[in-house]
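What follows is calculated from the coordinates using simple rules that are stated; it is not laboratory data. Since the model is a prediction, treat every value here as computed from it, not as a measurement. So basically every Cβ, Gly included, is an ideal-geometry build from the backbone, and we count neighbours across all protein chains shown.
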2 protein chains.
Amino acid sequence: MVQNIVAGSTWKITLAYDGADFCGWQSQPERRTVQGAFEQAWLDITGESVRVNASGRTDSGVHAMGQVVGVQTESELPAERLLGGLNAKLPDDATVVSVEAAPEGFHAQHQAKSKRYRYAIHNDRRPSVALRRNAWHVPQQLDIEAMKRAGQALLGKQDFASLESVGSPRESTVRTIFSVEVIAARDEGDRNSAATPETIPLPLPPYELNSLILIDVVGDGFLYNMVRTIAGSLVHVGAGRKPVEWMGEMLLAKDRKRAGQTAPAHGLTLVEVGY
Amino acid sequence: MVQNIVAGSTWKITLAYDGADFCGWQSQPERRTVQGAFEQAWLDITGESVRVNASGRTDSGVHAMGQVVGVQTESELPAERLLGGLNAKLPDDATVVSVEAAPEGFHAQHQAKSKRYRYAIHNDRRPSVALRRNAWHVPQQLDIEAMKRAGQALLGKQDFASLESVGSPRESTVRTIFSVEVIAARDEGDRNSAATPETIPLPLPPYELNSLILIDVVGDGFLYNMVRTIAGSLVHVGAGRKPVEWMGEMLLAKDRKRAGQTAPAHGLTLVEVGY
């Protein structure tokens, strides 16, 4: 939330963006990136060129509700003015959600303890106008119970080499996954079964809500394309192409060729970062 | 819902579309319209040129979840094939939701008994990435209770001349409004108060859900721009620029200049048509 304090010179800023028209987070020459747009907006309102740090890069097409950015600045603008000013300067597909004072030395990536990613699937034969920009359209009916069970194989501290796309090797492929939730409005036994269009004030028609499947994954970190490969692998199971047990076996193989496809970028959203 | 019947030659087809990139419903030469896209898709799959009838035109920029279209055809394609074929041919911002057999002579406009429109407002100082295409951004905090009370003045059979935009006169300006609901997730006394991001499987961050206000209006018909003028007038009251009683007085004046502004098209959605 916005704080009306004139803090020192370190800010924790939370951003939302629609990834569709950005070439990802990280600044690149001649490309439209979120970092580039943010740093330009910062320059516009403070006159200061900064290089900000984010909790992590998001790839081209990936969205964020809660990307966190750390900024060290000489500017004395208070949080309230930064929020209003940045939002006035940012393009309409990127928004500052909050500006909070942070301790000196705050680094959005190094100090991140967990991240929640959400992968959205629109599981209906019919395409969805409302969800087409934010959910992967999978026409074949998916077995949600099987996906829930398969998702449990991902929990804990493990070597996730099977889920890392080539081309961007990390020092270690060991990560800890704290939770995997497969959430479906149509799932009667689900805590969300009350989520009908009559009870939810949202501009989505009933068939779209009933056909929305969300995969929420929380972990201490993720390998390149890992959440998208998790989504692709869970859909593999949900579609009945692989049994539930395959998930654990695939992880043990530590071989990317064994996993499911990398699900498309536009279904993925960085929801929040924990510190 | 889809019916697997090969019916006669009359269909009731329900469409959803994102109005942003269409010049409204009605066919116009050299313009991208929903009717034009639909009739082209129909031609592509059946080889037949048809002129369809819709429940009503929607203006440029206005969305639909449940626009209803009547089609008379010589084609013998069954509902299931029409649904799949049309969706394969339509652009991704228009979708066939259902194909149902209709009695011969069905006319989507003449036989419509009611229409539900929804006007969405994003009421937060911060802009919203997720809602920017489907909700009017009103930064000033609105008094929802006042809007609810003011909305009641619209109920019943009345002369709505004050709410009709010039340039498109109807024979009569008398219409019947069956219900007006102002729905807000942040409203504690509301039946939707349980609608938190934890209980709703939707890709919207909490602040956006809490700042969403929906105005649902059901009536037997609407004058040109009437729902958008209702929304603009209710915001007038919600923002405290007019008292609650002004709504009824403004209607009695039968003078468009007395009403609030015409709210922007992109916040409006045709939700459903009753027959």
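Computed over segment B:114-274, the P(r) tail beyond 21 angstrom holds 43 percent of alpha carbon pairs. FRET efficiency for the pair B:Val166 and B:Asp143, taken as 1/(1 + (r/R0)^6) with r the Cβ-Cβ distance and R0 = 30 Å, rounds to 0.50. Among A:Gln35, A:Gln140, A:Gln152, determine the one that fluctuates most according to a GNM of chain A built with springs between C-alpha atoms less than 10 Å apart. Judging by the Gaussian network model, the answer is A:Gln140. Restricting the calculation to Cα atoms, chain A yields a radius of gyration followed by a Dmax of 19.7, 58 Å. Sorting A:Ile215, B:Ile183, B:Ile230, A:Ile45 from the fewest to the most surrounding beta carbons within 10 angstrom yields A:Ile45, B:Ile183, A:Ile215, B:Ile230. Restricting the calculation to Cα atoms, every distinct pair contributes to the Kirkwood radius of the protein assembly as shown, found to be 25.3 Å.
Name the residues of segment A:127-150 whose amide N is less than 20 Å from a point 7 angstrom out from the Cα of B:Ala88 along the C-beta direction? Zone members listed by number: A:127-129, A:137-141.
Helix content alone sets the calculated 222 nm mean residue ellipticity of the protein assembly as shown: runs of n ≥ 4 DSSP H residues at -39500 (n - 2.57) each, divided across all residues, give -6000 deg cm²/dmol.
Toward the positive end of the charge dipole of chain B, with +1 on the Cβ of Lys and Arg and -1 on the Cβ of Asp and Glu, the farthest Cα among B:Ser55, B:Leu83, B:Leu251 is that of B:Leu251. Projecting each Cα onto the charge dipole of the protein assembly as shown (Lys/Arg +1, Asp/Glu -1 at the beta carbon, about the Cα centre), which of B:Gln111, B:Ala265, A:Met147 comes out farthest on the positive side? Positive-end residue among those listed: B:Ala265.
Summing Lys, Arg as +1 and Asp, Glu as -1, what charge do residues with Cβ under 12 Å from the Cβ of A:Pro264 carry, A:Pro264 excluded? Taking every other residue near A:Pro264 into account, the sum is +2. Electrostatic tally near A:Gly24: other residues with Cβ closer than 9 Å to its Cβ, Lys and Arg +1, Asp and Glu -1, net +1. Count the net charge of all other residues whose Cβ sits under 10 Å from the Cβ of B:Arg118, scoring Lys and Arg as +1 and Asp and Glu as -1. Around B:Arg118, the surrounding residues sum to -2. Across chain B, where is the longest run that never hits trypsin sites (Lys or Arg not before Pro) in a DSSP loop with at most 10 other C-beta atoms within 10 Å? Here the longest segment lacking exposed loop sites spans B:114-275.
If R0 equals 45 Å, the separation of the Cβ atoms of B:Ser75 and B:Glu181 corresponds to a calculated FRET efficiency of about 0.65. Grouping the Cα pair distances of segment B:119-189 into 10 Å bins from zero gives a pair-distance distribution of 16, 36, 33, 15, 1 percent in increasing distance order. Grab every C-alpha pair in segment B:10-101, bin the distances at 10 angstrom width from 0 up to the longest one, and report whole percents. Reading upward from the zero bin: 18, 58, 23, 1. Note on chain B: with a GNM built from Cα contacts shorter than 10 Å, the maximum mean-square fluctuation among B:His110, B:His122, B:His236 falls on B:His110. Using a Gaussian network model of chain B whose springs link C-alpha atoms within less than 10 Å, name the residue from B:Leu214, B:Leu43, B:Leu83 with the highest mean-square fluctuation. Result: B:Leu43 has the largest fluctuation of those listed. Restricting attention to chain A, lysine pairs at least eight places apart or on different chains and with alpha-carbon atoms under 29 angstrom apart total 22. In percent, rounded to a whole number, the relative contact order of chain A is 24, using alpha-carbon pairs under 8 Å and six or more apart.
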